[in-house]
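The values are calculated or read from the model by the stated rules, or taken from the named source; none is laboratory data. Treat the numbers as computed from the prediction; the structure is a model and nothing was measured. Neighbour counts run over all protein chains shown; Cβ positions are idealised from the backbone, glycine included. Areas reflect the complete protein model, heavy atoms only, side chains present, ligands, DNA and RNA absent. Shrake-Rupley method; radii C 1.70, N 1.55, O 1.52, S 1.80 Å.
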Amino acid sequence: MANSAPPEQAHTLSVRVIGRDIFLRGRGADVGVRAPGWLVRACGAALGVGIIAVSDSLGLVGILGIPDWILHVLALLGGAVIAPSRFGGVLWLVNGLLVTALMLVMYTPVVRPMIARFVRADAISVTPVNAVVVLSGGITDDGRITGQALDRLLSAMSLAQQRAVSELALSIVVLKGRPSTMSSEADQRSLAQLAAPNLTVRFVRDVHSTRDEALAFAALARTHAWRRVVVVTSPLHTRRACRVMEAAGLAVECRPAASRDYSLNGLDRGENRRLAFQDVLYELAAELLYRLRGWM
């Protein structure tokens, strides 16, 4: 046919198509039509940020304890540096593996069997308890407790009234490094006064981890001669928290707080399974760290 390309030209065209890799870099006969270097680096930077975004959805970023902005800057620069090299394809591989993991977590039942081993709900003790101990959680920049911290406090106040326990022990969260230091104490006092005015509220301060809280609550128990306490915290945090409390010398009855972030009983939605997986992953990492340090 008149418009057919010579065999040599057809071969060259096929090489040009096949020789281009996933970062649009030319190879072989395609070397003369490489993508611009800035475009390759831009693709790598975008992939780097995408890897952090998917990792955050899975809960991997929270384990590291590194500020988000630092991770995003590192991912942006790292992706731009790696993309032009021969290891650029690794960025696609990592991103693909993470996305696959996210899909498995959200749209298959793999999370459900992971949960049970982290939730500890002790039977109601026949031995009287002297206080209800509540573990802390996050607060806003205005000093308002949020999310799991609020779930824990509401559940603890309800439990104290049901069990006729008059002492409620809370830990204070402090946010520093702002124009003014914010503390959760005022909000905790206000909520306790509103929902359970008959309770005597006691606080522990200068705590930054579950281990710190365990030592502080154990000291408070010795001061007030508490022989046994009920420990209230988020469901997947119960096993680690109560073991750390026991290692600190407290006799405890462990009770999971009501969860308002997601339903542990249903897990019928992808978002619920993703949030549950984040907690599972965090507890796995924290438990490993605590065991290595001999704290539980």
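Descriptive notes on the structure:
- Among the candidates LEU76, LEU93, LEU97, residue that is over 23 Å from GLU283 (Cβ atoms) and out of contact with any helix residue (DSSP H, G or I) (no Cβ under 8 Å at 6 or more places or on another chain): LEU93
- One residue stands out among those in region 83-99 that are more than 21 Å from ALA35 (Cα to Cα) and among the hydrophobic types (A, V, I, L, M, F, W, C): the one that is surrounded by the most Cβ atoms within 10 Å (Cβ to Cβ), which is LEU98.
- Verdict on ARG255 being basic (Lys, Arg), touching a residue at least 60 places away in the same chain (Cβ under 8 Å) and under 14 Å from VAL133 (Cβ atoms): yes
- Of residues in region 257-292 being open to solvent by 40 Å² or more (accessible area, probe 1.4 Å) and of a type in the set (S, T, N, Q), the one farthest from SER55 (Cα to Cα): ASN265
- Failed criterion for ILE115 (all others in (1) among the hydrophobic types (A, V, I, L, M, F, W, C); (2) open to solvent by less than 30 Å² (accessible area, probe 1.4 Å); (3) over 20 Å from the mean Cα position of the chain (by Cα) hold): (3)
- Condition met for LEU168 (among the aliphatic types (A, V, I, L, M) and over 10 Å from VAL132 (Cβ atoms)): no
- Among (1) out of contact with any helix residue (DSSP H, G or I) (no Cβ under 7 Å at 6 or more places or on another chain); (2) of a type outside the set (Gly, Ala, Ser); (3) at pLDDT 95 or above - the single one LEU153 does not satisfy: (1)
- All conditions in (1) among the aliphatic types (A, V, I, L, M); (2) more than 19 Å from the chain's Cα centre (by Cα); (3) open to solvent by 60 Å² or more (accessible area, probe 1.4 Å) hold for ALA80, with the sole exception of (3).
- Given (1) buried (at least 19 other Cβ atoms within 10 Å of the Cβ); (2) modelled with pLDDT under 95, index of the condition VAL134 fails: (2)
- Any hit, region 208-230, residues being under 24 Å from the mean Cα position of the chain (by Cα), assigned to a helix (DSSP H, G or I) and closer than 30 Å to VAL110 by Cβ: yes
- Residues within region 231-262 that are over 19 Å from TRP295 (Cβ atoms) and under 25 Å from the mean Cα position of the chain (by Cα), tallied: 10
- ALA192 satisfies every condition listed in (1) in a helix (DSSP H, G or I); (2) within 25 Å of the chain's Cα centre (by Cα) except (2).
- Failed item in (1) at pLDDT 95 or above; (2) open to solvent by 50 Å² or more (accessible area, probe 1.4 Å); (3) of a type in the set (Gly, Ala, Ser), with GLY177 passing the rest: (1)
- ARG152 buried (at least 21 other Cβ atoms within 10 Å of the Cβ) and among the basic types (Lys, Arg): yes
- Considering ALA46, ALA29, ALA42, ALA53, the condition of being out of contact with any Pro (no Cβ under 6 Å at 6 or more places or on another chain) and modelled with pLDDT under 90 is satisfied by ALA29 alone.
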